[in-house]
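The values are calculated or read from the model by the stated rules, or taken from the named source; none is laboratory data. As the structure is a prediction and not an experimental result, all values here were calculated from the model. Positions of Cβ are generated from backbone atoms using ideal geometry, with glycine treated the same way; all protein chains shown enter the neighbour counts. Note: accessible area is taken over every heavy atom of the protein model, side chains too, but ligands, DNA and RNA are not part of it. Shrake-Rupley method; radii C 1.70, N 1.55, O 1.52, S 1.80 Å.
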Amino acid sequence: MEKKYWIVTYGCQMNVHESEKIAGILRSRGYTQGESEQEADIIVFNTCCIRENAENHAYGNIGALKKLKKSRPSLLIAVGGCMTQQAGAAEKLRKKFPFVDIVFGTHNLDTLGELLDRKAGNRKVVVDIWGKEGEIREDDYSYRTSFPNAWVNIMYGCNNFCSYCIVPYVRGRERSRAPQKILEEVDALVRGGYKEITLLGQNVNSYGNDCGGEYSFPQLLRDICRRDEKFRLRFMTSNPKDFGEELVRAIAECPQVCHLVHLPVQAGSNRILKLMNRKYTAEEYLKKVELLRKYVPDCQLTTDIMVGFPTETEEDFQATLSLVREAGFATAFTFVYSRRSGTAAAAMDGQIPEEVQKERIMRLVELVNEQTREKSVAYRGKTIEILCEDYDKKKGLYLGRDEYGRMGYFRSERDCIGDFVRLKIGETSGVSLMGELAE
Ligand code: SAH
Ligand code: SF4
Ligand code: F3S
């Protein structure tokens, strides 16, 4: 009988891609993807701990498996990802959920196969979490399920220690992959028909700094774009402190690089930005936006914003609202600050009450939505190019995004997943666009 796997992923794109690596490892061990948790022989949780609710979700879903495990003791449950990498997390998992079989960390995801061997016939839980990052394993064993989109890690870890953020603690220091390896991976993807490639790193702008800094991120973009095939190139995330003219020029000059930049601002108050250890001011941020629009006039901008950071006053919050207006974001991911133990901000005085945080996030979301809607209305009647990515069975519609990340829906008689198609936009609602295929 075939063995089945089921992977549950939380968190960012980096984790989504790492779940593709986990799937690759499991497939090399003879597993195939199951239809549901119920029929799986192994369930892997790839966790996130960026905010408390991400952790709570994972704990809740792992806890819910107790019954299934009792009725089917041969079921293997493995927990990995950022959550397990925190101090004391493995112990907590063991106590709360003694039925978990394998616990592994972000630094040793590649060893999951070996951990499965160690678990075989062993009744005790196998816990292996490396305290330090190891060598980057270069074999691409990802099992990709998101054609025509593909993600490529260009670096791991983060050195920035923004005061609210857990990532540097659970992902270790910055490690860049060799340019040659990235170019080879992209080459294989493009030749394999992938049409959209997203380069991943916590701060892609510091790519190469850990290798002497001779080869930079803009150079990498240029080298990737030295090809004739039609494909889109995206990257995330760019820390504004290191976002500069060389990169802006590369965006302008490389035809495959999309004119959409994700540039997380976090806050509009300089006092808060300083406390966050972001190393730029609101004015510097807006200057960079201006520079980007000078070289790439049609460039759209998305961002991450946090409200309710310790000591944030109404005035600080107003500064965030006015920056949102001024920067003209196409859309924004908005978050309520979540206290992460071990980070500098967790120890700060002046934590903001939940009611205040909630009220602020509602006002912020309202403003962001209003701006997004306005940008959507501007699409009406226009013909745009979409990369068709998927088919929504429920809606009976194909969908895909334009260069600027806008989702468009349409009907089609033929399967066009993986094709660039032209859409004439009719209705728009919030962020999404409804269109008709245009010849
Ligand atoms: N490396 C990326 C961010 C990765 S985390 C960058 O620097 O932009 C994604 C987003 O989660 C962050 O941009 C931030 O807005 C949010 N975030 C991080 N820590 C958080 C916390 N403790 N509480 C709430 N949101 C947080
Ligand atoms: Fe976190 Fe800052 Fe690193 Fe982004 S740059 S991962 S927000 S510490
Ligand atoms: Fe990503 Fe969450 Fe880890 S946002 S890097 S999965 S803490």
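Residues that are among the charged types (D, E, K, R), farther than 23 Å from Asn15 by Cβ and either assigned by TED's automatic domain parsing to the domain that holds Asp316 or in contact with a helix residue (DSSP H, G or I) (Cβ under 9 Å, 6 or more places away or on another chain) (or both) occur at least once in the range 248-260.
For the range 269-303, the set of residues classified as surrounded by 21 or more Cβ atoms within 10 Å (Cβ to Cβ), free of Cβ contacts under 8 Å to residues at least 40 places away in the same chain and within 24 Å of Phe161 (Cβ to Cβ) consists of Leu273 only.
Of the residues making up the range 81-89, one or more are open to solvent by 90 Å² or more (accessible area, probe 1.4 Å) and within 21 Å of Gly11 (Cβ to Cβ). Taken together, the residues in the range 140-184 that are closer than 18 Å to Gln219 by Cα, in a loop (DSSP other than H, G, I, E, B) and within 16 Å of ligand 1 (Cβ to nearest atom) amount to 1. When Ala332 is tested against (1) assigned to a helix (DSSP H, G or I); (2) open to solvent by less than 40 Å² (accessible area, probe 1.4 Å), only condition (1) is not met. I'd like the residue in the range 49-64 that is surrounded by 15 or more Cβ atoms within 10 Å (Cβ to Cβ) and of a type in the set (D, E, K, R) and, out of all such residues, is farthest from Glu37 (Cα to Cα). The selected residue is Arg51. Free of Cβ contacts under 8 Å to residues at least 24 places away in the same chain, assigned to a loop (DSSP other than H, G, I, E, B) and within 16 Å of ligand 1 (Cβ to nearest atom) - does that describe any residue in the range 346-355? Yes: the range 346-355 contains one or more residues that are free of Cβ contacts under 8 Å to residues at least 24 places away in the same chain, assigned to a loop (DSSP other than H, G, I, E, B) and within 16 Å of ligand 1 (Cβ to nearest atom).
In the range 185-222, the residue that is farthest from Gly88 (Cα to Cα) out of those that are in a helix (DSSP H, G or I), open to solvent by less than 10 Å² (accessible area, probe 1.4 Å) and within 16 Å of ligand 1 (Cβ to nearest atom) is Phe217.
For (1) of a type in the set (Asp, Glu); (2) buried (at least 22 other Cβ atoms within 10 Å of the Cβ), each residue gets a yes or a no:
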| residue | (1), (2) |
| --- | --- |
| Val16 | no, no |
| Ser19 | no, yes |
| Gln33 | no, no |
| Glu39 | yes, no |
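Scanning the range 407-427 for any residue that is open to solvent by 80 Å² or more (accessible area, probe 1.4 Å), in contact (Cβ under 8 Å) with a residue 40 or more places away in the chain and more than 29 Å from Val324 (Cβ to Cβ) turns up at least one such residue.
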